[in-house]
Amino acid sequence: MIYSHHIQFILPIVLFIISNHLTPFNFFSLIASSDAIVKFITEDFLPPALPKSNSIVTIIESVLVTIALPISSTYLVAVLSFVVAPFGAEKFSPSPEFTKYIHYFATFLRNIQH
């Protein structure tokens, strides 16, 4: 007999398996290419160095790249929060402990002053 609290554990796993089967996304290849992810974050998310020449065009290009990086990271965080946010709900989360940690993490991020 399957109880409703069992479905909370089984349904996300089943959805994960189905989505991996229907799409070309492979979670394990993501883990295997983690060095590329680290390289992307450390090289592409850092602000570019100002060019040595004093050309206004190159300086404007650098400024535009600096502005584009936070915009792209904002979209990335929006997608990640959309995926993680349901686990902060007590009815959806696999365990109350997991919900508590999601709430702690969200509170920590909200308290960071800009």
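No lab work stands behind these numbers, since they all come straight from the coordinates. Predicted, not measured: the structure shown is a model, and the values here were computed from it.
Annotations for the structure displayed:
- For the range 50-110, relative contact order (Cα pairs under 8 Å, six or more residues apart, normalised by length) works out to 16 percent.
- Taking only the alpha carbons of the range 50-110, we obtain Rg and Dmax values of 19.2, 58 Å in that order.
- In sequence order, calculated HN-Hα J values of the range 74-83 (Karplus, 6.51, -1.76, 1.60; Hz; x Gly/Pro): 5, 5, 4, 5, 4, 5, 5, 5, 5, 6
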